[in-house]
Amino acid sequence: MPAALVSASLAVSSSNPRFSTPSSSSTKLRLFNPQDLHQFQPIRLPRLAILPAISTNHTARSRPPSALSPAEAAFMDAANEREGGDEGKLKELISVISKELADLGDKLENLSSSPLAALRMVDVIERLGIQRFFHEHIQRIIRLTYLQWHEQFGLKNDADATLLGFRLLRIHGYHVTAGILDTLKGQFGDPSTFKVDTPAKISSMIHLFKCSQVGFPSESTIMEQVKEFASFQLRKVFLEGDQSLLKTNNLDMEIKFALEYPRRYLLPRLESRIVINQLWPSSGSLYKCLQLAKIDVGMLQKLHQQEIASLEQWWTEQECSKTIPFRGGITKSHFFTCPAIYEPEFSAFRAAFTKSCSFVVIIDDEMDLLDCDPNDILKFNDAVQRWDPSPCDDTPQFKAIVPSFFATVEDMGAEASKIQGRDVLPYIKKVWQELIAGYTENAKWRSASCVPNMEEYLKASLPSISSTTIGLSSLMMMPEPISDEALRLIGPGSRFMHLINLVSRLANDLATFEHEAANGEIASAVSCYQNDHGCTQEEAIAAVEGIIQSSCQELEWELFKSIAVVPECYRRGIINIARTSCFVYKRGDSYSLADDDEYSTLLKDYLFRPIQ
């Protein structure tokens, strides 16, 4: 990466903490290892049809009451409506699974079994999105696993346990170094002759591939080697391997999803449906987990449908909805967050996120119109900076927006202030003001047909990606207050938020720069990079993609550092913004494109189609 670009506040920290791990007996671990992976060309998979088509009509949505009942009550009401008494079944399954997790924890504590069985159960529970029912049991298993971890050899000379343990321990905030992967790297063998010829080896490759996605900046070399090797083997077995192997536990489905939606793109709850379809019906503990997940999916669908219906009603009551088109609509805006922040108690967060996203979209679209008078944009910016609608009195398009926009922000600020126990409206106003100022600067470049340098572009365009605005407006609606220390770590002005903005902006630019250039928006990360470095468009695209990758790796480090201070719901809420941007823009602008069938299928499956 050219030094000039790195200097534009994009540098990745090269430091890492000193890790300490408990000692254990030294054992030799048998695994695999690529040598000189770069000589092998990656195998390209065709576009992956991730989810099977389901010929089920959308669940009908009834009009909600004037206000949603408390989230927990709505959640349980949804359960009571389902045939077969799902509420009782839910409680029964939670009780049975909790006992099994407790037994697995007892065996770990008594050193009477390998951690593998317990880790596999934790992994499937988290992939199914039902971990909130078993928080204490999961934390106990993770802690006991860490006590058995050896920095050089992992877990009990067990490759699968080591790979699974490395990823889960790191995600849960335990200090495990990538040195274990470096140790394993020497035993992979020649990638051209190594054979993934059993279901167990396929699972190992999937675990190895996922390990490469939780690396920190100082580990980039080993993580890249691990990713190349594992993805090469997975693509090879998918395209050329024994197809009967892939039918074991529908491993072909798991490979597809793992390759198409790595951690950078993964909205946690989207994986639930694919895991249920992949493993159903199974037996024993796994069957019980799948049963619980199916019930949970159905109950959450009903809750999300109620939320969407209520938000659609809110939108129709806004004066601007009568005259200004809303690209994407309420459902897509809601889908931006509900697969990541899905629990019933976070309904207020999802509502604030959706409302904020709604105004971001319509304001951005109005300011991007080719016939929009630049003077009207300046007046709108003046109105927002002063928080006074009068400058827009003679600008018809913005005059229609301002009253609803101001009222919505003020209402969210008042509600958030009650939750946070202090007046947070000034903070929320400030991030909206910075957003509109960024939009105004972009409009000036467009009007002047100007391509700024990369540093100038990022300074103005990072606020205009709206991540900080939407993030702060909705995070303040979490049901527990956030401390000043936590806000300094992940809030406006933090390195964490800078990286969220950077990833979101660059992902957006890569997907939309050609379309926007055709409409007069010539300033983008790609064009600015080309202008700064005199390179081809392809070279600029590759450089921007490289910045996204390194920024996502640094985000993993920032996420890890924040675990001790920032509540889990806040960490998940903010990291989701970057992952949603990567997800939405991975094949173009899925938010705007009505013909993105894969995105549309994921949305409809998640929100409306019951699992049969």
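The values are calculated or read from the model by the stated rules, or taken from the named source; none is laboratory data. The shown structure was predicted, so the numbers you read here are calculated from the model rather than taken from an experiment. Positions of Cβ are backbone-derived with ideal geometry, glycine not excepted, and every protein chain shown enters the neighbour counts. Just the protein is used for accessible areas: all its heavy atoms, side chains included, with ligands, DNA and RNA removed. Shrake-Rupley method; radii C 1.70, N 1.55, O 1.52, S 1.80 Å.
One residue stands out among those in the stretch 156-169 that are closer than 18 Å to residue 227 by Cβ and open to solvent by 10 Å² or more (accessible area, probe 1.4 Å): the one that is modelled with the highest pLDDT, which is 167.
Note on the stretch 362-388: among residues that are part of a loop (DSSP other than H, G, I, E, B) and at pLDDT 95 or above, the one that is surrounded by the fewest Cβ atoms within 10 Å (Cβ to Cβ) is 388. Residue 448 falls short on exactly one of the conditions (1) touching a residue at least 24 places away in the same chain (Cβ under 8 Å); (2) more than 19 Å from residue 574 (Cα to Cα), and that condition is (1).
Residues to consider are 359, 349; find the one that is open to solvent by less than 20 Å² (accessible area, probe 1.4 Å), in contact (Cβ under 8 Å) with a residue 12 or more places away in the chain and in contact with a Phe, Trp or Tyr (Cβ under 7 Å, 6 or more places away or on another chain).
Numbers: 349 fails: in contact with a Phe, Trp or Tyr (Cβ under 7 Å, 6 or more places away or on another chain).
Just one listed residue meets the conditions, 359.
Per the conditions (1) touching a Cys at 6+ places or on another chain (Cβ under 8 Å); (2) open to solvent by 30 Å² or more (accessible area, probe 1.4 Å), the sole criterion not satisfied by residue 433 is (1). Of 73, 60, 102, all but one fail to be of a type in the set (A, V, I, L, M) and modelled with pLDDT of 85 or more; the exception is 102. Only residues that are at pLDDT 90 or above, open to solvent by less than 30 Å² (accessible area, probe 1.4 Å) and of a type in the set (S, T, N, Q) were counted across the stretch 196-217, and they come to 1.
Annotation: residue 462 fulfils all but one of (1) more than 19 Å from residue 422 (Cα to Cα); (2) out of contact with any Gly (no Cβ under 8 Å at 6 or more places or on another chain); (3) part of a helix (DSSP H, G or I); (4) open to solvent by less than 40 Å² (accessible area, probe 1.4 Å); the unmet one is (2). Against the test of being in contact (Cβ under 8 Å) with a residue 24 or more places away in the chain, crowded, with 18+ Cβ neighbours inside 10 Å, under 30 Å from residue 415 (Cα atoms) and charged (D, E, K, R), the options 495, 505 yield a single qualifying residue, 505.
Being open to solvent by 40 Å² or more (accessible area, probe 1.4 Å) and either at pLDDT 90 or above or part of a loop (DSSP other than H, G, I, E, B) (or both) holds for only one residue in 391, 452, 426, and it is 426.
Here residue 220 does not fit the description of being modelled with pLDDT under 90, part of a helix (DSSP H, G or I), small (Gly, Ala, Ser) and open to solvent by 40 Å² or more (accessible area, probe 1.4 Å). I need a count of the residues in the stretch 233-259 that are of a type in the set (Asp, Glu) and surrounded by fewer than 17 Cβ atoms within 10 Å (Cβ to Cβ). Total meeting the criteria: 2.
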